[in-house]
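Structure first, commentary second.
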Amino acid sequence: MTGSINNEKEVVMNTRITTRKWDDFHAHLRQEELLRIAVPHTAAYFERALVMPNIKPPVCDMLVAKRYRNEILDVAHRSGYPDFEPLMTIKIVDGMNSGTVSLAHAFGMVAGKAYPVGATTNSEEGVSDFRHPRLRRVFEEMEAGGMVLSVHGEMPLAPSLEREARFLCELEWLATQFPKLKIVMEHITTRKAVEAVCSLPSTVAATITVHHLFLTLDDVIGGKLNPHHFCKPIAKTLDDRAAVQEAAISGNPKFFFGSDSAPHRRENKECGAGEAGIFTSPVAPSLLAEFFESRESLHRLESFVSRFGAEFYGLPLNKGTITLIKEPWEVPRIYSSFIVPFKAGETLQWKVVERS
Ligand code: NCD
Ligand code: ZN
């Protein structure tokens, strides 16, 4: 049986689903060799991706941003994805000049990304205090220009399981101080974050990753240590995951998809000081379909991946469609001999068959 997932009656036994093309509102496309692997995997399934700026040197000025965007476009074109659109972000750092943000906006960058210093990969430079007077001008400039503030919402000095919850008072402070500033709390993992985002005004939204719909802390450290399930924020409890899952299928436009696909070399994951980040872009569409189907919510998938994010960012909806069919496929154990994907070697139930 086939049909559109927008028709609830047809969903029950669907083996084929077609939606508007998708957006990924949080992707790490990396640099050099990793960039050449990450870009085609994202562009194969996503029409647009919000590109994280935590490269080296970070995307803190127009020169780096333009060069990085061109590199991404070049790889996308050469891999057969000429329509792929990287949505660029600028990294917000201590002491930043508000003029830099205005320039970034004029250049077409849609968001400023703020990492608390030390929170995650390549965040040596970031924000040490969101309330510092110097940043006020930066946030005001973004608010006035309609530029989104995307935040890695963790307090790095708090105990690791508490880091996200401890950030919520900063989120509330930002939302109160800058009432028109659009803020996205990235990759939420806790019930408390879901509740905070729901209770704050419509200027505050959140992204949800695919791995946080599947993992709890036990999948990382409950048996043998699994470095390929290690990411920031770390997966939490069953109750937290249930809240995040409910938010994803709720139909509430505050919650939309951002993969946080973050490839690292295998040797940098499987070692004594393993990097945080999970490479999910090759499996994200299959797993999203599987998850929404398991919750009898396939009719909500399209809004989650192709409507709510675009509307929050004030972007036009994608044209064209993407089609998935229910057919088993085996996830490769490794890509290009050095990147282990999420669900490596497992058999997934849905696959993308067509984009038009
Ligand atoms: C990301 C990375 O590796 O760049 N890692 C991760 O665990 N998610 C950075 C980030 O988003 O925290
Ligand atoms: Zn990320």
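For the reader, a short list of remarks on this structure follows.
- Pair list, Cβ under 9 Å, 6 or more apart: segment 109-130 residue closer than 21 Å to Ala65 by Cα, other residue among the aromatic types (Phe, Trp, Tyr) and more than 13 Å from ligand 1 (Cβ to nearest atom): Val110/Tyr313; Ala111/Tyr313; Gly112/Phe139; Ala114/Phe130; Pro116/Phe130
- Across segment 101-117, the qualifying residues are those that are under 18 Å from Leu135 (Cα atoms) and small (Gly, Ala, Ser), and the one among them that is nearest to ligand 1 (Cβ to nearest atom) is Ala114.
- Of all residues in segment 173-203, those that are in a helix (DSSP H, G or I) and charged (D, E, K, R) total 3.
- Residues (crowded, with 17+ Cβ neighbours inside 10 Å and in contact (Cβ under 8 Å) with a residue 40 or more places away in the chain) located in segment 63-72: Ala65, Glu71, Ile72
- Pick from segment 249-295, criterion within 16 Å of ligand 1 (Cβ to nearest atom) and hydroxyl-bearing (Ser, Thr, Tyr), ranking: nearest to the chain's Cα centre (by Cα): Ser259
For every residue, the table says whether it meets (1) of a type outside the set (D, E, K, R); (2) within 23 Å of Ile339 (Cα to Cα).
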position: Ile234; (1), (2): yes, yes
position: Glu246; (1), (2): no, no
position: Asp260; (1), (2): no, yes
position: Glu267; (1), (2): no, yes
position: Phe279; (1), (2): yes, yes
position: Pro282; (1), (2): yes, yes
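- Candidate set from segment 174-199 (those that are among the basic types (Lys, Arg) and surrounded by fewer than 20 Cβ atoms within 10 Å (Cβ to Cβ)); member that is nearest to Ala111 (Cα to Cα): Lys180
- Tally, over segment 90-148, of residues that are within 16 Å of ligand 2 (Cβ to nearest atom) and among the aromatic types (Phe, Trp, Tyr): 1
- Exclusive hit being assigned to a helix (DSSP H, G or I), away from ligand 2 (no atom under 15 Å from the Cβ), in contact with a Phe, Trp or Tyr (Cβ under 6 Å, 6 or more places away or on another chain) and under 22 Å from Thr207 (Cβ atoms), set Glu162, Glu170: Glu170
- Test: residue in segment 115-124 that is on the phi < 0 side of the Ramachandran plot, at pLDDT below 95 and of a type in the set (D, E, K, R): yes
- Tabulated pairs, segment 263-278, first within 18 Å of Leu35 (Cβ to Cβ), second more than 14 Å from ligand 1 (Cβ to nearest atom) and of a type in the set (Phe, Trp, Tyr), C-beta under 6 angstrom, 6+ apart or interchain: Arg265/Phe338; Arg266/Phe338
- Residues of segment 219-248 satisfying the condition of being under 18 Å from the mean Cα position of the chain (by Cα) and assigned to a loop (DSSP other than H, G, I, E, B): Phe230, Cys231, Lys232, Pro233, Ile234, Ala235, Lys236
- A search for C-beta distances below 7 Å between a residue of segment 34-46 that is in contact (Cβ under 8 Å) with a residue 24 or more places away in the chain and over 20 Å from Leu317 (Cβ atoms) and any residue that is of a type in the set (S, T, N, Q) and surrounded by fewer than 19 Cβ atoms within 10 Å (Cβ to Cβ), counting only pairs 6+ apart in sequence or on different chains, returns Ile37/Ser336; Val39/Ser79; Pro40/Ser79.
The values are calculated or read from the model by the stated rules, or taken from the named source; none is laboratory data. Keep in mind the model is a prediction, meaning the values are calculated, not measured. Here the Cβ is made from the backbone with ideal geometry for all residues, glycine too, and neighbour counts use every protein chain on show.
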